[in-house]
1. Determine whether the stretch 120-127 contains at least one residue that is closer than 23 Å to residue 236 by Cα and open to solvent by less than 50 Å² (accessible area, probe 1.4 Å).
2. Which condition number in (1) touching a helix residue (DSSP H, G or I) at 6+ places or on another chain (Cβ under 7 Å); (2) at negative phi is the one that residue 348 fails?
3. Please state which one of 47, 36 is assigned to a loop (DSSP other than H, G, I, E, B), open to solvent by 80 Å² or more (accessible area, probe 1.4 Å) and modelled with pLDDT of 90 or more.
4. Being assigned to a helix (DSSP H, G or I) and in contact with a Leu (Cβ under 9 Å, 6 or more places away or on another chain) is the filter here; which residues of the stretch 90-112 pass it?
5. Only one of 247, 300, 337 is at pLDDT 65 or above and within 30 Å of residue 213 (Cα to Cα); which?
6. Can you run down the residue pairs with Cβ atoms below 8 Å, 6 or more apart or on separate chains, where the first is in the stretch 217-242 and closer than 14 Å to residue 184 by Cα and open to solvent by less than 60 Å² (accessible area, probe 1.4 Å) and the partner is part of a helix (DSSP H, G or I) and β-branched (Val, Ile, Thr)?
7. Hey, any hits in the stretch 191-202 for a residue that's of a type in the set (Val, Ile, Thr), open to solvent by 40 Å² or more (accessible area, probe 1.4 Å) and either on the phi > 0 side of the Ramachandran plot or more than 25 Å from the chain's Cα centre (by Cα) (or both)?
8. Mind checking which residues of the stretch 345-397 are of a type in the set (Phe, Trp, Tyr) and either assigned to a helix (DSSP H, G or I) or under 46 Å from the mean Cα position of the chain (by Cα) (or both)?
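The values are calculated or read from the model by the stated rules, or taken from the named source; none is laboratory data. In this text the structure is predicted, and so the values were computed from the model without any measurement. Please note: Cβ atoms are built from the backbone with ideal geometry, for glycine as well, and neighbour counts cover all protein chains shown. Heads up: the accessible areas ignore ligands, DNA and RNA and are worked out on the full protein's heavy atoms, side chains in. Shrake-Rupley method; radii C 1.70, N 1.55, O 1.52, S 1.80 Å.
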Amino acid sequence: MAACDEGKDGQDSILEPLCFPEQPADGASTPSLQGPSTELLVCLFCPESVPLRQKDVLLKHLLLEHKLVVADVKLIADLPKYMLYWKGRFLEQPLTDFCSVIKTNSTGPVEKQEDYFLLCDVLPEDRILRERLQQKRLEEVLEQQQVERDDNSFHHLCMFCSEEFTGNRSSLLNHMAREHSFSIGLPDNIVYCKQFLDTLQSKLDNLQCLYCEKTFRDKTTLKDHMRKKAHRRINANNREYDRFYVINYLELGKTWEEVQSEDDRELADDEDEDWSDWQAHPVSAVCLFCDHQSETMEQIYTHMKEAHDFDLHKLRTELNLKFYQQVKLVNFIRRQIHQNRCYGCQEKFDSRENVLRHAVAEGHVTRLPDASVWNQPQYYFPTYENDALLCTLSDSDESDDTTHSEDVPVIAEDISDLRALKHTSVLNQLLKNRSSCS
């Protein structure tokens with residue numbers, strides 16, 4: 001949307017397309033990462049100066065009096081230092097050495113054409129300056145954050161219950177999140193915490209909801225509104241809060257939303273990668289009784305059967321073990337062997353070798369104790385968290401159903417003679433019987 005302003009010569013000049021910073025109707029400054037400051041902004045060409053909070057006044061002055069537009073002002077980390085730098089450079093070299101020239105009304109009469117100058121980060125020198133100011137601001141913010149993290153002299157009242165908190169800021173932030181379901185983020189992600197809390201307290205004192213930012217007639221109404229509407233949170237779209245979060249200082253010209261969306265896109269790109277050449281690591285299954293390992297389950301089952309005379313499949317069938325019973329049995333045996341104890345008679349030995357020697361000699365390898373001993377909830381939990389053997393256990397019900405279904409013969413009807421089939425089909429006979437019954 002373009003806005004017109006009347007110049008000294010009485011002619012209208014189109015201002016908005018050339019003015020990148022947004023100007024609120026009341027003339028207030030646009031919220032940015034630069035907090036309240038008493039610093040002065042100086043004009044790049046004349047002695048004019050204004051307080052930092054009135055930067056839009058100076059930007060308008062630059063546009064109308066000197067026909068200069070500074071691009072992306074809200075992304076400049078330290079505007080006063082930025083202006084001082086270019087004020088000095090413009091004294092050394094002509095303006096056209098640094099700025100792009102924009103000619104207005106280029107197709108109209110020459111006397112109505114005007115040249116405006118655009119100072120932006122397309123110029124390498126300007127880009128370097130912005131990055132240097134951004135880096136310096138980031139260092140200052142991280143230093144301030146570290147001071148706040150280590151500060152034990154913090155003192156503030158809870159905004160909701162007026163409980164007093166002293167010591168570290170995290171105690172208050174954690175209290176509000178835990179007791180009042182109000183979270184402004186992790187303490188380590190926040191900077192200028194006291195100013196942040198004071199800003200929020202000021203809004204509440206003015207009877208303003210922190211989320212929808214509506215104003216109410218009294219504190220009771222505001223409190224009920226925030227509780228019932230689940231508005232005990234801040235408005236993420238309010239740029240006033242941006243300067244209180246470290247993430248907003250990390251990358252030049254990017255808000256936390258843009259940084260976050262880039263992270264999401266990177267994750268999406270990773271999901272689209274080609275995994276066709278990926279090769280899985282072979283399964284390393286370990287024997288229940290010794291340190292023997294095999295790359296396939298068939299090999300480990302064969303080893304246990306041949307080396308230790310232990311047939312897990314046979315036990316599952318004979319005892320009709322369900323899946324979770326097999327899990328508990330395997331974990332039980334693992335634990336007993338690990339503790340050098342024979343699971344058949346519970347006798348304790350001084351080494352695993354002696355346990356195995358005893359179990360084989362006494363025939364205790366396949367001698368399981370009563371189910372009440374091993375069929376206990378504690379054996380739901382694996383003895384070894386990476387026990388590949390647990391991943392290959394099967395449910396006996398499923399295998400039994402499969403076996404039974406394979407034993408049932410299925411004989412198809414001969415459909416080579418459809419006319420004869422129509423008269424001799426079993427379905428046809430059933431339909432006739434049904435008709436006669438009815």
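1. Quick first cut of the stretch 120-127, residues closer than 23 Å to residue 236 by Cα only: none.
Checked the stretch 120-127: no residue is closer than 23 Å to residue 236 by Cα and open to solvent by less than 50 Å² (accessible area, probe 1.4 Å).
2. (1)
3. 47
4. Filtering the stretch 90-112 down to residues assigned to a helix (DSSP H, G or I) leaves 90-92, 95-97, 110-112.
Those that are assigned to a helix (DSSP H, G or I) and in contact with a Leu (Cβ under 9 Å, 6 or more places away or on another chain): 90, 95.
5. Exactly one of 247, 300, 337 is at pLDDT 65 or above and within 30 Å of residue 213 (Cα to Cα), namely 247.
6. Partner pairs satisfying both residue conditions: 241/199.
7. No; the residues of the stretch 191-202 include none that is of a type in the set (Val, Ile, Thr), open to solvent by 40 Å² or more (accessible area, probe 1.4 Å) and either on the phi > 0 side of the Ramachandran plot or more than 25 Å from the chain's Cα centre (by Cα) (or both).
8. Scanning the stretch 345-397 gives 374, 379, 380, 381, 384.
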